Amino acid sequence: MSINQKVGFVFRQENCVGCGACTVACQIHNELPENHRFRKVDRYEVEREDGAIDVWLSHSCMHCENPACLMVCPTKAYHVRDDGIVVLDREKCTGCGLCVSACPYSAVNIREDDGKADKCNMCVELLDRGMAPACVAGCPVQCIEVGNIDEVLKKPSASKEGVGYGDCITKPNMVIIKERA
Amino acid sequence: MKINRRTFLQGVGASSVVSSLSGLMPGIASATEQRGGAPDKLLKREGVIKYHTCQRNCADRCLLKFTVQNGRMTYVEGASEMKKMGTSPCVKGHAYVQYTYAADRILHPMERAGKKGEGKWRRISWDEAYAKISSRLKTIIKEHGADSILPYSYSGHEGVIGKYGGPSRFFNAVGARKLDRKVCVFAAYEGLKSVTGTYQGPDPYDNIYTNCYISWGQNETATNVHGIKFINQARDRGAKLLVVNPIRTPIASQADIWLQPKPSTDTHLAAGIMKYLIENNLADTKFIEANTLGYQDLLKRLDEMSYDEIEKVTGIPREKMFKFAKVYGESELSVLRLGYGMQRNYNGARMSRAIAMMHAVAGQFGKIGNGFIYDNTQADDSLNYSKGRADHIHPNPDTVGHVNMTEIAKALHPTNPTGYGKPIKPIKAVINYNGNFVSVAPDSNACRRGVMRDDLFLVVHDFLMTDTAELADIIVPSTTQFEFPDMGTDYNCYHMQTSEKVIEPLGESKDNWIFFKELAAHMGLDHHPELRVDYEQILRDFLDTDAPAFRHNNITYEQIIKEKFVTVYEQRPYFGDGKYKTDSGKIEFHSQMMIDAGYHPVIDFGLPEDEMIPEERNLPFRMLSPAIPQRANSAFYNVKYIRNFPAYFAKVNTEDAKELGIKNNDRVRLSNHRGEAFFVAQVSSQVGRGTVMAPKNNWRRMDPQGKSSCTNNLTTDKLTDMGGCSAYHSTNVALEKA
C-alpha cells in the first residue's frame, strides 16, 4: 500500500449500539481530562414508517481533505501528513479558538486544563507501529476501523452519508458502511 | 516497510479482526515516525502482562489483559486470544485502572465516631478492628446465638474465592444464618425447568449459524455487549433479528421486527405466537410428536385465549405479532436468548415457561444454530461448592434459619422481622461484603430503617463509602478483585478462566479471603483446617469435581493456570440426543411442577397487577429498572470517565410527557407508598405509554440532585411466583414534574 493513501475512519453505523466504549478508550489512550472528548457518540431518533428507531453516530476528527482548522489557524499549528491524517502541534497553538468555530464537525475543542485546542490525531503513534487506534481496538462491537478511503469508497455499501453525517466542502474522510437495508 | 495483513493482525491480536468492515487492510504502512504522534502515550502499554477475569456480574465475563509496571497497573485491554473477547473491554472495563486507583478508595479500617450515618469516622488499626469485631460478635453469639449473625453479599465479586470460597468458610465456621442469594435468575430457572428440565442451553459461539436470532427481554448492550458481534455475523450471512422488549434497546432499533409488549405480558404474547404457528402450519408437528408431552392440553389451553384478549393485554397489534411469528416460524434455525430482567416479576417463572414452550412448538431445539439460551452455568454448576465453601463445618446446616436477600428489609425490620411470610428471630449483626444492599436491595428506605437500629451491629468490608458503608459501625477496607488471585466462571459461553493477581493490595486493604481468614483466627475458629489454607487450596477444592463438564476433557487446576482459559465439555448440538432433563425426558407442555406450585399446568396467564395492593395497582405507570451499559449494578458510580454517563434519569414516553407537561431534561418525581425518587426526564418513544424506565441500583449518596434519590426507593421486595427471586419490575409509580 502506498504511503500516499488517504487514511480515514470507516464506521458501520448500522451496528453501533451507542455504548460509549470508543469515547472512553480514546480518553484513556490520550490521557484526556474527564470532560474532554475527542470522540463522541450521538443518538438520533429516526422516524420510520413503523415507528421511531435509535441510530448512533460515533464521530471524531474527519481528517478532511480541505481541513477548515488548518486553513484558519493563524499560527500554522495544523499539518496534513502524507497519509492524509490531520495533526495538531499543540506547541504552536495559542488557544485563539478559530479552528473550533471553523470545524463543521465539532471535532476541535479548547481544553479546560491548558486553554489550547485539541483533537483526534487518529492515534498515529499506534498506526505508525501497525496497531489500531484506541477507538478501533476499543469497540466491543467492532464497528469502527481505519482504511484507505478511496479504496473503501469503491464498495457499493460505502458512502459519505449517514444519520447525522454528510459530505461537505471540507471533504471529510469518514466513510459509512451500510450493508443492510 | 510494507506491512501485510498478517503482520498487522499480529500487532492488534490475531483473533480479533475476524471480519473487516471495509474488506481492506485496516492499518497503514509507515516505517518512520511522522509528525503529530504522541509516543509517550504508549508508555502505559509497556510492562508485564497479567490475565484477569472481570468479576462484575455480567454475562460477558471478560478475560482482560493488564499491563503492570513496577507493581502498578497501567493499562487494560481485551484478551484477544479468546474468541468471545476481541481487543476491547466494555465501556466500563476500559476504566479499570481508574476504578482501581480511584481517589475515594477506603484504604484503612475505620470505626464510627458519631451517630449511625452521621459521617464521622475514627481511623483504627487492623488489630483494633479485629478485636472490636470479634468481641462484639462473640457477645452476640453468647447472648443471642450464632444464627443472629447474617452475611449479606452478592455479586460485587463473582470469583470462585471472592464470592463464596473465602467468606463462606468463615460464616460456616461461625454457624451464621444462611442468606438465600436468590435475587436474580431463579424464577426463570423454575419456569424453564418445567419445560425442558434445564435453564442451560447451546453455545453462543454457534449463534453465527442461526437463521433467526430472537432477543427476548435482554439489553445486550448493557450485559452482553461482546455477544453482539456474533449476532451481526449471523445477520451478515442473512439471518433475521427479532426482538421482544418493552424498551427500545439498541438491538431493538436494529431489528428486522421489534415487538414492544406492555411490561410483564410476555405469557400472552408467547401464547399469541404459538396460536399463529399452529393455525398456519408453522408448528413443527414432527418435532412435537417425538419430543413433547401434553400437546393436546396446550391446544385446548390456547383455544381459551383469544387474539382480542392478547392484543388488549400486550398492546401489540395482531398484524405485527403475526408478521413476527411468520418470520420466526419460517426460519429453519432459530436461537432464542432470554434476558435476565424479565423474570424479575411476580409472574417471572410463568412468563419464562410460556416462552420456552413457544420455542418447542416451533421445533427449535437440538440443532446447531437453534436452541434456547438463558444461563449457561455449565462450568459454575460443575464446581464442588460444598467442599469449596466448607459447608460441612457449619454446626447446624439443616436447621439454621434462612433469609432471602430480596427480603433483607423485612428481615431487619425494627419491630417485626419476617422472612418468607413468617416471623423470624431478630438479626443482631450483619457483615456486608461484595454488596451494597441499601442501594441495591428493593425498598431502600426500609433497608435503611432496618440498618439504623441501635441494636444492629453492621460491619462493611468494601473499598468505597457506599450507601451501606456510611451506616456501618466498622468499615474494613477490601481490595479490588485485582489484588488477589482467583478464577472465574463464564455463564454465557462455556469457559473457566483465570484471574491472576495483578497488583499488591493498596493501602491496608485485605481481600475476601485474608479478611475472613484472619477474623476467624481472632474469633478462635482457626482450629478448622479449612480456615488455614491458601488461595490455591480453595480453588483446588472447588475443582475437586466428578462433573462431566470438567472430567470429560480432564480439566485441571494447572491447565487453567497455564492456558488462562479453558472450555468445559458440553454436548453439541445441545439437546442433540433428544433427551430432555425433565422427569419424563420430554418437553412438558403439561407440567406437574406448575401444579405443585399452585399454577395452571399448561399456561398460567396471571399478571403482576393481580398481586399488587390496590394503592399500587391504581398508580398510572409501571417502572422498569434494568441495567444500563455504563454501570454494573452499583459499581462504577465513582469511576473517572464513567461516572458522568447519566444514571439518574427516567425515560418517559413522548405522549405521556406531553400530557403531564414534562419536557426533556425536566426534573421529575416518581413516587409510590414506599417512597419517592427524583430524576431527570428523558422524553423518548424508547418506552411505551404507561411505562417509565429508571436505571437500577443507583446510589443515594451519588444523587447529583442531592436528594438521596435512588431507584430502589420505589421497588417491591415481594418475591416471584416460583424460585424466590426478586421482582423489581413489578413496581408501579406515580410520575409528575418536580
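Since every read-out is calculated from the coordinates, none of them should be taken as a lab result. Just so you know, these numbers come straight off a predicted model, no measurement behind them. Note that we place each Cβ from the backbone using ideal geometry, even for glycine, and neighbour counts take in every protein chain shown.
Inter-chain Cβ neighbour count for A:169-179, averaged per residue, equals 1 (cutoff 10 Å, partner chain atoms only).
Treating r as the C-beta distance of B:ASP454 and B:HIS527 and R0 as 35 Å, the FRET efficiency rounds to 0.55. So for chain A, taking the charge dipole from beta-carbon charges (+1 Lys/Arg, -1 Asp/Glu), which of A:VAL124, A:CYS16, A:ILE176 sits furthest toward the positive end? Working it through, the farthest residue towards the positive pole turns out to be A:VAL124. Under 18 Å from a label point set 7 Å out along the Cα-to-Cβ vector of B:ASP534, the amide N atoms of region B:487-501 belong to B:487, B:499-501.
Taking 24 Å as the limit for the C-alpha separation, the pairs A:LYS92/B:LYS640; B:LYS286/B:LYS326; B:LYS116/B:LYS410 exceed it in the case of A:LYS92/B:LYS640.
What is the extension gain from B:TRP126 to B:HIS552, computed as 0.36 nm multiplied by their sequence separation minus the C-alpha to C-alpha distance, in nm to one decimal?
Difference between extended and current length: 148.8 nm.
Of all lysines in the structure, those lying under 21 Å Cα to Cα from A:LYS6, and not within fewer than 8 positions of it along the same chain, are A:LYS119, A:LYS154, A:LYS155, A:LYS160, A:LYS171, A:LYS178, B:LYS2. Distance between the pseudo-spin-label points of B:TYR101 and B:GLU289 (7 Å out from Cα toward the beta carbon): 6.9 nm. Its residues counted as N, chain B yields a C-alpha radius of gyration over 2.2 N^0.38 Å of 0.95.
Relative to one another, the C-alpha centroids of region A:133-181 and region B:396-438 are positioned 55 Å apart. Can you tell me the mean projection area, over all orientations, of the convex hull of the protein assembly as shown's alpha carbons? Units nm², please. Averaged projected hull area, Cα only: 36.7 nm².
Can you tell me how much longer the chain between B:LYS312 and B:ARG237 gets when fully stretched, taken as 0.36 nm per residue apart minus their C-alpha distance, in nm with one decimal?
Roughly 23.3 nm would be gained on extension.
Hey, with R₀ at 51 Å, roughly what FRET efficiency would B:THR399 and B:ALA113 work out to, going by the Cβ-Cβ distance, to 0.05? Calculated transfer efficiency: 0.80. The distance between label points at A:CYS168 and A:GLU34 comes to 3.1 nm (points 7 Å beyond Cα on the Cα→Cβ vector). With contacts taken as Cα pairs under 8 Å at a separation of at least 6 residues, chain B carries a relative contact order of 19 percent. Set Lys and Arg Cβ to +1 and Asp and Glu Cβ to -1, take the dipole of the protein assembly as shown about its Cα centre, and tell me which of B:ALA647, A:PRO156, B:PRO442 lies farthest positive. Sorting the options by dipole projection puts first B:ALA647.
Using a Förster distance of 22 angstrom, determine the FRET efficiency expected from the C-beta separation of B:ASN280 and A:ALA52, and round it to 0.05. Here the calculated transfer efficiency is 0.15.
The alpha carbon radius of gyration of region B:612-737, expressed as a multiple of 2.2 N^0.38 Å, is 1.03.
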